[in-house]
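First up is the structure itself, then whatever we jot down about it.
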Amino acid sequence: MKNKPMWLFLLCCGVPLILAYTALSFNWLPQSATNSGKFVDEEVTISDWQQTPGVLWTIALNAPVYCQATCERQLNDLSNIHTALGKNQRRVNLAVFGREFKSGNTVSYPNQQNLEPGNLYLIDHRGLVVLEYQPSLDVQENRMRHKGMLKDLKKLLNYARSS
């Protein structure tokens, strides 16, 4: 009778360990993440970043002068994305790199050579570029990527509120 609890204990500890080892060795775990954007591989920090009080994140577009059609389309979508944030608009700024852009809530910055032209980026309040969203030629696919960016941004804002 004394050995039965010991075997039960070893069985309860051993089976999960064996299953976990098997799952890791055969790559049975999902490789996807919950974010829609792609994490920026190298650490990119904007040097002259202006921190606005109460603003946690910035949606930035890298739009150098030589980027024409894609950047124009993304510039038009940028204000719509900000409007779609709803009550979180006051916690998110807009920025454009490489172009002078006049709008009420958009800040212009010099061109960033280490960022891809035409891409949208999520930048934290310290100027660290975190997520990248590549544009698509298909309008519907581009709209879905923007919805994914909004979803990511709302998650980040909720995490910031809870901390």
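The values are calculated or read from the model by the stated rules, or taken from the named source; none is laboratory data. The shown structure was predicted, so the numbers you read here are calculated from the model rather than taken from an experiment. All Cβ positions, even for glycine, are placed from backbone atoms using ideal geometry, and neighbour counts span all protein chains on display. Note: accessible area is taken over every heavy atom of the protein model, side chains too, but ligands, DNA and RNA are not part of it. Shrake-Rupley method; radii C 1.70, N 1.55, O 1.52, S 1.80 Å.
Within segment 39-53, can you find the residues that are over 15 Å from Leu156 (Cβ atoms) and of a type outside the set (Ser, Thr, Tyr)? Quick ask: steps written out before the conclusion?
Our first condition is that a residue be over 15 Å from Leu156 (Cβ atoms); within segment 39-53, this holds for 41-53.
Passing the criteria: Asp41, Glu42, Glu43, Val44, Ile46, Asp48, Trp49, Gln50, Gln51, Pro53.
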- Query: Out of segment 36-55, which residues are open to solvent by 40 Å² or more (accessible area, probe 1.4 Å), touching a Lys or Arg at 6+ places or on another chain (Cβ under 9 Å) and closer than 24 Å to Met144 by Cα?
  - Reply: Ser36
- Note on the structure: Going through (1) in contact with a helix residue (DSSP H, G or I) (Cβ under 6 Å, 6 or more places away or on another chain); (2) of a type outside the set (Asp, Glu); (3) under 19 Å from Gly148 (Cβ atoms) one by one, Thr58 fails only at (1)
- The lone condition Leu24 fails out of (1) within 20 Å of the chain's Cα centre (by Cα); (2) open to solvent by 100 Å² or more (accessible area, probe 1.4 Å) is (1)
- Say we look at segment 39-55 and pick out the residues that are in contact (Cβ under 8 Å) with a residue 60 or more places away in the chain and within 13 Å of the chain's Cα centre (by Cα); which of these is nearest to Lys87 (Cα to Cα)? Phe39
